[in-house]
Amino acid sequence: MTVHHPPPPTGDTASRATATGVPPSGDTAAGTPADQAPLAGRTALVTGATGQLGDAVCRLLAARGAAVVGVHRTPSERAEALAAGTGARLLRADLSDPDETAALLGRVRELGPAPDILVCAHGATARRPVLGGAYDAAAEQRLWQLNTGSVQQLAAAAAKRMMRAKFGRIVLFGSRGGATGMPGQPGYAAAKAALSGWAASAAWELGPFGVTVNVVAPGAVRARPEDAPVYSAEEDERAAGRTAVRRLAEPAEIAEAVGFLAAPGASYVTGQTLLVDGGARW
C-alpha cells in the first residue's frame, strides 16, 4: 500500500500560516522540545503580579519558558519572592492612573522585547449595594478605571505591537460575577462584564493578525493565608457548596486556564469568556 504524504506548505500557503499565528510544530528555536517549554522565546507581561492569581500566572508562564515582566503597585516581600523564584523582572505602576498605564509599555520596552503575551490580572472588588446608600460617582469611576478602563487601555496599546509581530495572546481577568451577577457588588460585576464584550469585539479586529483576545472568569478562589480575607469563612463555605466539586479553586488551577489560552496551540480560540468556576450554580 502506498501512503501519500501531503507536500509541505510553500509560497502563499506558508506565508499565510506564519502571518496568522498558526503555531509551528517540532522543537523550539533553542532546541528544547516544544511541549516542555511552549512559551520559550516569548515575553509575557502580567499585571497584578503579586496578587494570588497574578503570582500563580507568573510562575506558570515562567515554568513554560516565557520571560516574565510582572507589574505590581506597592513594594513587598511577595514581589521579591516572585522575582527570586521565577527570574521575573518587576515594575511598579498604579494602573488606576491613566497616565501611568499609558507609560507602562514604554517602560517594558526598556527592559527588552515588547510583550507577546499580555495577562491583565489586576483589579479590585467593592461592596456597594444598590440599596446601600447614596451613589458615590467618584468611587465607582475609580473602580471602573482600575477594573476596566486600564485593561482596555493597556490591551489596545499592546495589541498594536503584537499585530506587527503577527502573534499575540491577550488574556483578561473577568469574574464569574461578571457573567452571572454579584449581589451587593453591582459596580464590580458590571466592570468585569464589560471585559467580555470588549474581548469579543477586539477579537474580530485582531484575529487576522494572529492575535487572540480572551477572558478568564474565575469563580470563588481560596485566599492565601497571608492575605486579608475578602469574604468571610461562612461566605467561602457557602460558595464552595454551590460548586460541582464542592470546594474553592486553587490559584494554580486558574493559572492553568491562562496557560492554555497563552499557548501557541490556542490560536483558534478567541473572543471567548472561559468560566473557571468548578461548575458553580447559583
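The values are calculated or read from the model by the stated rules, or taken from the named source; none is laboratory data. Just so it is clear, the model here is predicted, and its values are computed rather than measured. Methodologically, a virtual Cβ is constructed for each residue, glycine included, from the backbone with ideal geometry; neighbour enumeration extends over all protein chains shown.
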Hey, E110 in a helix (DSSP H, G or I) and either in contact with a Gly (Cβ under 8 Å, 6 or more places away or on another chain) or under 24 Å from R164 (Cα atoms) (or both) or not
yes
Over segment 120-163, the set of residues touching a strand residue (DSSP E or B) at 6+ places or on another chain (Cβ under 7 Å) and either of a type in the set (D, E, K, R) or closer than 17 Å to V213 by Cα (or both) is C120, A121, H122, V151, L154, A155, A158, A159, M162, M163
Among the residues of segment 96-115, which ones are within 13 Å of A158 (Cβ to Cβ) and either hydroxyl-bearing (S, T, Y) or touching a residue at least 24 places away in the same chain (Cβ under 8 Å) (or both)?
T101, A102, L104, L105, V108, P113, A114, P115
Segments classed as strands (runs of 3 or more DSSP E), wholly inside segment 18-93, with at least 1 members that are within 24 Å of P218 (Cα to Cα), touching an Asp or Glu at 6+ places or on another chain (Cβ under 8 Å) and at pLDDT 95 or above
43-47
Of the candidates E226, E237, the one satisfying the condition of being of a type outside the set (K, R), surrounded by fewer than 17 Cβ atoms within 10 Å (Cβ to Cβ) and at pLDDT 90 or above is E237
Test set (1) in contact with a strand residue (DSSP E or B) (Cβ under 8 Å, 6 or more places away or on another chain); (2) not in a helix (DSSP H, G or I) - S196 fails condition number
(2)
Can you find a residue that is in contact (Cβ under 8 Å) with a residue 12 or more places away in the chain and over 19 Å from the mean Cα position of the chain (by Cα) anywhere in segment 196-203?
no
In segment 162-193, what residues are under 24 Å from G106 (Cβ atoms) and either among the polar types (S, T, N, Q) or not in a helix (DSSP H, G or I) (or both)?
K166, F167, G168, R169, I170, V171, L172, F173
Being within 17 Å of the chain's Cα centre (by Cα), in a helix (DSSP H, G or I) and under 25 Å from C58 (Cα atoms) narrows A159, A124 down to just A159
Pairs needed: first member in segment 253-268, assigned to a helix (DSSP H, G or I); second member anywhere, basic (K, R) and modelled with pLDDT of 95 or more; C-beta distance under 7 Å; at least 6 residues apart or different chains.
G259/R64; L261/R169; A262/R169
Out of contact with any Leu (no Cβ under 9 Å at 6 or more places or on another chain) and surrounded by 18 or more Cβ atoms within 10 Å (Cβ to Cβ): does that describe F167?
yes
Taking segment 207-247 as the search range and keeping residues that are aliphatic (A, V, I, L, M) and in contact with a strand residue (DSSP E or B) (Cβ under 6 Å, 6 or more places away or on another chain), which one is nearest to Q52 (Cα to Cα)?
V221
Just give me the residues in segment 77-91 being touching a residue at least 12 places away in the same chain (Cβ under 8 Å) and loosely packed, with under 14 Cβ neighbours inside 10 Å, in sequence order.
G85, G87
Give the number of residues within segment 164-177 that are touching a strand residue (DSSP E or B) at 6+ places or on another chain (Cβ under 6 Å) and free of Cβ contacts under 8 Å to residues at least 60 places away in the same chain.
3
